[in-house]
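Q: One structure, as structure tokens, below. Some questions next.
The values are calculated or read from the model by the stated rules, or taken from the named source; none is laboratory data. All values reported here derive from a predicted model rather than from experimental measurement. Using ideal geometry, Cβ is built from the backbone for each residue, glycine included, and neighbour counts are taken over all protein chains shown. For accessibility, only protein heavy atoms count, side chains too; no ligands or nucleic acids. Shrake-Rupley method; radii C 1.70, N 1.55, O 1.52, S 1.80 Å.
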Amino acid sequence: MNKKQENWLLAMWSVALIATLGSLYFSEIKGYVPCTMCWYQRIFMYPIVLIGLLALIQKNVTIAWTTASLSFIGGCISLYHYGIQKLTFLQDSAPVCGGVSCTGAYVNYFGFITIPFLALVAFAFIFIASLVLLKQTKE
């Protein structure tokens, strides 16, 4: 593994760690109860922190297949969740989420930055970084 690949792994791990700590901050410190869609996004983000750390320690870039898969699925969930928050025609298809509505937005900075949007940005970065790593391993 070369220095560029190690930097990409470190960047992926850092983004996943920040996203994880951010989600824990919103739920545990701010007291925002996560909806069902938020839990699904966490299910795909949290393992990337552990997997990324192990990949850094082992200097293993083949982990990019796993991070690409997890981030793609998590990104799709985030995109759908963001859509049901912002697009009225999708709000009717929102899943019934028990105590907390998936259409609600605890955070709405600048009229478009919500928690699912932040997760989508993190998943997109991790996915792109994974593809870059995969491309670099073939060279």
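Q: In 5 Å bins starting at zero, report the fraction of Cα pairs in the chain per bin as a rounded %.
A: Per 5 Å bin, starting at 0, the Cα pair percentages come out as 2, 11, 20, 21, 16, 12, 9, 6, 3, 1, 0.
Q: Return one whole number: the accessible area per residue of the chain in Å², for a 1.4 Å probe.
A: Each residue of the chain exposes 56 Å² on average to a 1.4 Å probe.
Q: Also: Label Leu24 and Leu10 with points 7 Å out from Cα along Cα→Cβ: what is the distance between them in nm?
A: 2.2 nm
Q: What nm value, rounded to one decimal, do you get for the distance between Asp92 and Asn2 when each label is placed 7 Å out toward the C-beta?
A: Between Asp92 and Asn2, the simple spin-label model gives 5.4 nm.
Q: Would you mind working out the magnitude of the charge dipole of the chain relative to its Cα centre, with +1 at each Lys and Arg C-beta and -1 at each Asp and Glu C-beta, to the nearest 20 Debye?
A: The calculated dipole for the chain is roughly 320 debye.
Q: Where does each of Trp8, Trp65 land when they are ordered by accessible area, with a 1.4 Å probe and the largest first?
A: Trp65, Trp8
Q: Relative contact order of the chain, please, whole-number percent, based on alpha carbon pairs below 8 angstrom and at least 6 residues apart.
A: Relative contact order comes out at 33 percent.
Q: Another question about this same structure. Mind checking the angle between helix 115-138 and the chain's longest principal axis? C-alpha axes, 0 to 90 degrees, to the nearest 10.
A: In the chain, helix 115-138 runs at an angle near 20 degrees to the longest axis.
Q: Follow-up question, since we're still on this one. Could you tell me the distance between the Cα centroids of the range 47-96 and the range 1-43, to the nearest Å?
A: 10 Å
Q: State, to one decimal in nm, how far the label point of Leu131 lies from the label point of Ile57, with both points 7 Å from Cα in the Cβ direction.
A: 3.1 nm
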